[in-house]
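K.L.:
Below is a structure I'd like to ask you about.
The values are calculated or read from the model by the stated rules, or taken from the named source; none is laboratory data. Keep in mind the model is a prediction, meaning the values are calculated, not measured. FYI the Cβ positions are ideal-geometry reconstructions off the backbone, even for glycines, and counts take in every protein chain you see.
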Amino acid sequence: MQQLGFDLWVISSNGAITRSLAGETFHRDLLPAETCRRLCASMQGFRGNTVLTFDRETKGAIVLEHMNELSTNIQRWLEKNLQFIDFVIPIEDSLTRDPVQAMFCGSIPRMQEALATLAASNLDEDITVLRTEYEARDLSMVDVLNQGCSKGHALERWAGHRGIPREEVMAIGDNYNDIEMLAFAGVPFIMGNAVEELRREGWTVTLPNDQNGVAAAIAQVLG
């Protein structure tokens with residue numbers, strides 16, 4: 001993108017932050033600290049699966065109590081980012097500012113339990129719950145964000161700011177947390193390795209991620 005000279009902006013953290021590559025912030029939709037405290041209290045049984053993220057580029061950007069219960073895949077990711085990780089017990093003590101989001105990570109059955117606990121927490125009016133699943137790896141991540149926060153809402157906000165009609169917006173996704181984004185885009189594609197639920201929406205399917213699916217989708221649109 002830099003080589004092409006594009007003005008590159010990134011929508012990250014499931015739509016919570018929209019920021020330019022140069023560091024200019026367009027929008028932040030953070031999870032209120034008090035809501036996160038209530039969330040942590042409701043999810044007591046999932047302390048070992050809990051990760052909080054904060055909008056900073058120093059130690060403390062990622063906070064957890066310990067890594068003992070996290071899956072091997074996410075544990076490797078955490079080990080590569082140790083310079084940004086702070087271990088805080090109890091994790092609520094880290095909530096001196098609003099976090100970007102809370103994440104619960106583990107096996108798919110374990111995260112199905114987490115989703116059921118969240119559904120019974122009476123927090124549905126204050127939070128957005130998004131899930132990502134990789135069945136082949138038995139890995140699931142449940143992201144909890146501020147109410148109304150999603151990739152779709154962030155993309156709609158950014159497109160409106162730039163004066164780009166949705167008919168000219170292209171989106172490519174592969175998982176449950178991409179649904180709102182794909183629904184907004186006028187030109188939606190799903191990867192060949194996308195979860196089954198996305199396939200039922202009738203969106204155009206490109207090649208899998210290990211066969212240059214993004215490049216194939218772009219070539220089809222520009223063709």
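K.L.:
Given (1) on the phi > 0 side of the Ramachandran plot; (2) surrounded by fewer than 16 Cβ atoms within 10 Å (Cβ to Cβ), where does residue 14 come up short, assuming only one miss?
P.N.:
(2)
Yes/no per residue for (1) under 20 Å from residue 29 (Cα atoms); (2) out of contact with any Cys (no Cβ under 8 Å at 6 or more places or on another chain); (3) assigned to a helix (DSSP H, G or I):
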position	(1), (2), (3)
121	no, yes, no
130	yes, yes, no
145	yes, yes, no
183	no, yes, yes
189	no, yes, no
198	no, yes, yes
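K.L.:
Additional query: What number of residues in segment 213-223 are at pLDDT below 95 and either in a loop (DSSP other than H, G, I, E, B) or in contact with a Gly (Cβ under 7 Å, 6 or more places away or on another chain) (or both)?
P.N.:
Of the residues in segment 213-223, 1 are at pLDDT below 95 and either in a loop (DSSP other than H, G, I, E, B) or in contact with a Gly (Cβ under 7 Å, 6 or more places away or on another chain) (or both).
K.L.:
How about segment 42-55: which of its residues are surrounded by 11 or more Cβ atoms within 10 Å (Cβ to Cβ) and either free of Cβ contacts under 8 Å to residues at least 60 places away in the same chain or among the hydroxyl-bearing types (Ser, Thr, Tyr) (or both)?
P.N.:
Residues satisfying the conditions are 42, 47, 48, 50, 51, 52, 53, 54, 55.
K.L.:
Turning to a different aspect of this structure: Select from segment 17-37 the residues that are among the charged types (D, E, K, R) and either more than 30 Å from residue 108 (Cβ to Cβ) or crowded, with 16+ Cβ neighbours inside 10 Å (or both) and list them in ascending order.
P.N.:
19, 24, 28, 29, 34
K.L.:
Also, I was wondering about something else. Go through segment 200-212 and count every residue that is under 27 Å from residue 128 (Cβ atoms) and in a helix (DSSP H, G or I).
P.N.:
1
K.L.:
Just the residues that are assigned to a strand (DSSP E or B), over 22 Å from residue 120 (Cβ atoms) and not polar (S, T, N, Q), please, taken from segment 23-55.
P.N.:
26, 27, 28
K.L.:
Name the residues in segment 56-110 that are under 17 Å from residue 37 (Cα atoms), touching a residue at least 40 places away in the same chain (Cβ under 8 Å) and outside any loop (DSSP other than H, G, I, E, B), would you?
P.N.:
91, 92, 94, 101, 102, 103, 104
K.L.:
Out of all the residues in segment 147-179, which are part of a helix (DSSP H, G or I) and either among the hydrophobic types (A, V, I, L, M, F, W, C) or without any contact (Cβ under 8 Å) to a residue 40 or more places away in the chain (or both)? If you could, list the steps in order and put the result at the bottom.
P.N.:
Narrowing segment 147-179 to residues part of a helix (DSSP H, G or I): 151-162, 166-168, 176-179.
Matches in segment 147-179: 154, 155, 156, 158, 159, 160, 162, 166, 167, 168, 178, 179.
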